[in-house]
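First up is the structure itself, then whatever we jot down about it.
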Amino acid sequence: MIFSRITGTGGYLPERVMTNAELEKVVDTSDEWIAARSGIRERRIAADDEFTCDLAEKAALRAIRSAGKTPADIDLIVGATSTPDEEFPSTACLLQERLGISGPPAFDVQAVCAGFLFAVDVVDKFIRTGSAKCALVIGAETFSRILDWTDRRTCVLFGDGAGAVILEADEEPGILSTHLHSDGRYKDLLCVPTGVSRNYERIQDGSAYVTMEGGEVFRWAVTAMSDIVKEALDANGMTHDQIDWLVPHQANIRIINAIGRRTGIPDEKVIVTVDRHGNTSAASVPLALDEGIRKGRIRPGQMVLIEGFGGGFTWGAAMIKM
Ligand code: UT7
């Protein structure tokens, strides 16, 4: 049997750090409120001339290098982003050109903050069916571009960044299982209600912004991300104490802590970056995974559960033997 295995990871954060203290000058908020309600202390913001594909390229090159590969080895690129450089071509195609690769398929998936999980699921299926052998999977975002910097309920929560992994075909797993869900009934609770086909005038007048019913999203995120941990454990006949690391979507430390309480996974087994990254949407899980590996916390042979939750609603998880 063929499995997919993570053989390299990479991350990139823009240089500019925006602290909570800086935000106090932008909206009616405080460092105390943001830290207490979300756990966020700072986030990174892309430079004016820095775009999603620029972040993706840096993360991708680091992932390729850490896998001991060159761009020529990549036979599939799948990107996850809600903030693409252009309406089309996909950011994956833009990245493909930057990396000097031509021929293999490159496309984006759209599942907002759960996008990386959806991309991993798709790539895992490509590899298991023999359609790809060495794939690049990226989550990259410049959410700062779709924030209403006068809305304190949303602008304090998000940041920019990119994370990438290389998934290779292997006889040993690897990815043990993937789990995806969506529920479009909740489309209005977390959205940018603007596109090229609808409300296009908001793009023209610069008001295409994230809107969120924070409390309802919070409750849903806790329930969905706790339930999917149990779903992934059950699918593999495992119990929570067999997990070495949980790498959850980084939206709010209170959500992360609540998942830990509900699933029995202790805080010391949970990778947390939300304090320094904020919510980087599709980039949050691969960035956290990369940080855990680079800091020597996540090690080969360990069992890692990654999970995400985002607008749609969409949510997903993957059980991975490193
Ligand atoms: O990535 C996709 C998933 N996204 C999420 O998971 C986000 C989910 N939601 C959340 O993380 C939380 O709901 C928030 C952090 C957005 C808000 O926390 P909360 O504990 O649910 O606060 P709240 O919305 O109930 O607001 C409490 C109060 C309100 O004032 P009143 O009505 O009680 O007078 C808000 O107006 O806090 C006020 N408030 C703020 N105050 C200072 C809202 N935002 C701010 C702010 N600074 N930035």
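Structure notes:
- Evaluated against (1) assigned to a loop (DSSP other than H, G, I, E, B); (2) modelled with pLDDT of 95 or more, Met1 falls short on exactly one condition, (2).
- Criterion violated by Thr70 - all others in (1) under 20 Å from the mean Cα position of the chain (by Cα); (2) more than 16 Å from the ligand (Cβ to nearest atom); (3) β-branched (Val, Ile, Thr) satisfied: (1)
- Restricting the range 36-47 to residues that are among the hydrophobic types (A, V, I, L, M, F, W, C) and buried (at least 16 other Cβ atoms within 10 Å of the Cβ), the residue that is farthest from the ligand (Cβ to nearest atom): Ala46
- Checked against the criterion of being within 15 Å of the ligand (Cβ to nearest atom) and more than 22 Å from the chain's Cα centre (by Cα), the range 152-160 has at least one qualifying residue.
- In this structure, Glu50 qualifies as away from the ligand (no atom under 16 Å from the Cβ) and among the charged types (D, E, K, R).
- Number of positions in the range 161-185 that are surrounded by fewer than 18 Cβ atoms within 10 Å (Cβ to Cβ) and within 16 Å of the ligand (Cβ to nearest atom): 4
- Looking only at residues in the range 8-35 that are part of a strand (DSSP E or B) and surrounded by 18 or more Cβ atoms within 10 Å (Cβ to Cβ), the one that is farthest from the ligand (Cβ to nearest atom) is Gly8.
- Between Val210, Val270, Val196, Val192, the distinction of being surrounded by 14 or more Cβ atoms within 10 Å (Cβ to Cβ) and more than 15 Å from Gly311 (Cβ to Cβ) belongs to Val270 only.
- Scan the range 197-212 for residues that are under 24 Å from the mean Cα position of the chain (by Cα) and more than 16 Å from the ligand (Cβ to nearest atom) and the total you get is 1.
- In the range 103-117, the residues that are in contact (Cβ under 8 Å) with a residue 12 or more places away in the chain and part of a helix (DSSP H, G or I) reach residues that are within 12 Å of the ligand (Cβ to nearest atom) and among the β-branched types (Val, Ile, Thr) with C-beta atoms within less than 6 angstrom, at least six apart or across chains, in these pairs: Ala114/Thr314; Phe116/Val285.
- Meets criteria (surrounded by fewer than 19 Cβ atoms within 10 Å (Cβ to Cβ), of a type in the set (Val, Ile, Thr) and either closer than 21 Å to Gly115 by Cα or at pLDDT 95 or above (or both)) for Ile203: no
The values are calculated or read from the model by the stated rules, or taken from the named source; none is laboratory data. Here the structure is a predicted model, which is why all the values come from computation and not from measurement. With ideal geometry, Cβ positions are generated from the backbone for all residues, glycine too; neighbour counts draw on all protein chains shown.
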